[in-house]
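Below is one structure, written out as structure tokens, with a few remarks after it.
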């Protein structure tokens, strides 16, 4: 059952939709721009390509439960 929920959420976010499980939080697609990074072992600069990501904002009920 949880697998089906995760699959449905993944499909919606992949389509660019926002998913909001009641009293839990908000999952939504985001984008990261291309940027310059640094290899911590060598100090050499490298380009980190642009990518898509999933962002999350906790809902008030979740925040209250944690605090």
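A few points about this structure:
- Of the strands (runs of 3 or more DSSP E) lying entirely inside the chain, the ones with 2 or more residues being at negative phi and within 12 Å of the chain's Cα centre (by Cα) are found at 25-32, 51-58.
- The set of residues in the range 14-34 that are more than 21 Å from residue 61 (Cβ to Cβ), surrounded by 10 or more Cβ atoms within 10 Å (Cβ to Cβ) and in contact with a strand residue (DSSP E or B) (Cβ under 7 Å, 6 or more places away or on another chain) comprises 29, 30, 32.
Here, each number is a calculation from the coordinates, and none is a lab measurement. The shown structure was predicted, so the numbers you read here are calculated from the model rather than taken from an experiment. Note that we place each Cβ from the backbone using ideal geometry, even for glycine, and neighbour counts take in every protein chain shown.
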